[in-house]
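Worksheet for the structure shown next.
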Protein chains: 2
Amino acid sequence: MPDQADEEALSPATLVDDLAAKIRDLIMAGEIPIGGQLRQADLAATFGVSRTPVREAIRQLQSGGLIAVHPNRGAVVRVPAPWEVREAYEVRAELEALAARRAVSRITREQLDELEVSNREMYEHSAAQSAGEQAPTHRRANDAFHTLITEISGNARLGRTIEDLNGAFPRNVSSQLIVTDSRHRDENFAEHERIVAALRAGDADAAAEEMRVHVIKAGDALARWYEQRSSTVFSG
Amino acid sequence: MPDQADEEALSPATLVDDLAAKIRDLIMAGEIPIGGQLRQADLAATFGVSRTPVREAIRQLQSGGLIAVHPNRGAVVRVPAPWEVREAYEVRAELEALAARRAVSRITREQLDELEVSNREMYEHSAAQSAGEQAPTHRRANDAFHTLITEISGNARLGRTIEDLNGAFPRNVSSQLIVTDSRHRDENFAEHERIVAALRAGDADAAAEEMRVHVIKAGDALARWYEQRSSTVFSG
DNA sequence: CATGTACTCTTTGGATCCAATAGTTCGAAG
DNA sequence: CTTCGAACTATTGGATCCAAAGAGTACATG
């Protein structure tokens, strides 16, 4: 609800914003690969508009840090260095820890159950489709878990900041990680459960700390992935 | 240094970025007042360019949340609600606390002295020009204090996130606050000194906590200012 | 055969043009 | 006198046009 109100006040959905969102989704879904070029003419043709709004959408995306614009060379999907990922996730960990801490005193029984159910569903879902290509579904479910907690925290700016942080990297890879690697999947599930337990116990410090280590671990995994793949991304 | 590298990778300075920076400065300096309209034609004429790059710059600024774009009605400098300020400063407090905590183990003697000197200079400077209109100078000095600590923290993303947070509100008012109100000025000075003391003592927890309360207090003051003025801003 | 230079071609960047939209003002009718 | 409506105007939004810049290639020359 605060998100909606915020969006309302910031920018009632217009065409450029829609374009920016669509392009972002394309990148997040991996349809435009890391390091891939964003040609204005192509995008314009794809969405059936002229280049002008596309350019504005690109400028909008540029601020987020998801893409890099080289003068006269066009925009590319940024390939984050592993240390950048670690840095961002350290910040995100701090913020999500704050969200968890704030959520303790506000969360309801129903919301606690909702978290537990959604976590369980996510686990069973991804276990069933192990090595399947339905990663986006899983990502959505994983995001829902974290988003719900930040929403409960009642600080809209906090949610927005975390979103911006997440929006800085293509996240299809992070979901691939969990779906592919069964150990990661199990750990992820267990960590979520510990977070819910701390929230249920009303232990703010524990909830914050559990959340912090959980996010740091996720960041580490993602950073390692980039370390491995960073050299091969360019070749194909 | 990481900032420069970041900026390099993200977007080597181009004309649109310069425009965005200039417009941002205009807003931050208060030359375009809160709630003021940003007419594309005017800005274009002011900077001697066409409307096209101005539009892109506006889109870039829009992402930061400093301005709000109403479809077909143009962009205005957002008037933040007091609760938005409080929310943002709560997030900022958490992040600056993290920065202070990280800085403890990295800061050098010279940097500690530098912080102390710059704080003292800022105090004397603003005391001398009390009620004067040289607020921007003071703001710069105050920013330098915080910026130095976040730089020392060694996490570039952390610095960028804090900057984004600060960039969401016109800050000429916050500097006016300290210059005008002598009590605020004294408290600000004392808080900075306590932070430096904690850093010097190598007490990470204390440094983080001092920083947190300092930022929260600053946010409170800013929010109160907006509460008082919010009704009169529109009339002029 | 290698290397340097010039040319071409692709893509971005900025300016101008026209359409669409919302606010405002003026007028007419109740 | 008030209120509703319609036209006018100021401003944004999208498309098109042309210039500029960079990369790749081909050709010529040492």
Rounded, prolate or oblate (a/c below 1.5 giving rounded, otherwise prolate when a/b exceeds b/c) for the stretch A:12-77 by Cα gyration tensor: rounded
Per-copy distances of the A:Glu31 label point, shortest first, in nm (7 angstrom along Cα→Cβ): 4.3
Space enclosed by the convex hull of the alpha-carbon atoms of the protein assembly as shown, per residue, Å³: 156 Å³
Residue of chain A whose Cβ sits closest to the axis mapping A onto B, with distance in whole Å: A:Ser63, 2
Spin-label model distance (nm) - B:Arg120 vs A:Thr108, 7 Å beyond Cα toward Cβ: 5.7 nm
Choice from A:Ala127, A:Ala44, A:Ala223 with maximal GNM fluctuation in chain A (Cα, 10 Å cutoff): A:Ala44
Accessible area (Å², 1.4 Å probe, nearest 10) - B:Arg59: 30 Å²
For A:Arg55, net neighbour charge (Lys/Arg +1, Asp/Glu -1) across residues whose Cβ lies under 11 Å away: +2
Where chain B is the region considered: accessible area per residue in Å², 1.4 Å probe: 47 Å²
Cα coordinate range in chain B, projected on the principal axes (Å, largest first): 56, 42, 31
Nearest-10 value in Å² for the accessible area of A:Phe47, using the 1.4 Å probe: 50 Å²
Gain upon complete extension [B:Leu26, B:Val76; 0.36 nm per residue less C-alpha separation]: 16.7 nm
Carbon/sulfur fraction of accessible area - the protein assembly as shown, other protein chains in place, 1.4 Å, %: 49 percent
In Hz, Karplus ³J(HN,Hα) per residue of the stretch A:87-101 (6.51, -1.76, 1.60; θ = phi - 60°; x = Gly, Pro): 4, 4, 6, 5, 5, 4, 4, 4, 6, 5, 4, 4, 4, 5, 4
Complex-versus-alone comparison for the stretch B:44-93, residues with a loss of 40 Å² or more in accessible area, probe 1.4 Å: B:Arg55, B:Glu56, B:Arg59, B:Gln60, B:Gln62, B:Ser63, B:Pro71, B:Arg78, B:Glu87, B:Glu90, B:Val91
Probe 1.4 Å - accessible area at B:His70, Å² to nearest ten: 80 Å²
Under 12 Å, Cβ to Cβ, from A:Phe189 - net charge with Lys/Arg +1 and Asp/Glu -1: -3
Copies compared at A:Glu121 - label distances in nm, ascending, label defined 7 Å from Cα in the Cβ direction: 5.8
Dimensionless Rg/Rh of the stretch A:166-236 - Kirkwood Rh, Rg from C-alpha atoms: 1.08
Solvent-accessible area buried by pairing B with A, both sides, nearest 100 square angstrom, 1.4 angstrom probe: 3600 Å²
Teacher prompt: A:Glu187 distances to equivalent labels in other copies, 7 Å Cα→Cβ, nm: 4.5
Formal net charge of residues neighbouring A:Gly64 (Cβ-Cβ distance under 9 Å; K, R +1; D, E -1): 0
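The values are calculated or read from the model by the stated rules, or taken from the named source; none is laboratory data. Since this is a predicted model, take the numbers as computed values, not measurements. Every residue, glycine among them, receives a Cβ derived from its backbone with ideal geometry; neighbour counts consider all protein chains shown. Side chains included, ligands, DNA and RNA excluded: accessible areas come from the protein's heavy atoms. Shrake-Rupley method; radii C 1.70, N 1.55, O 1.52, S 1.80 Å.
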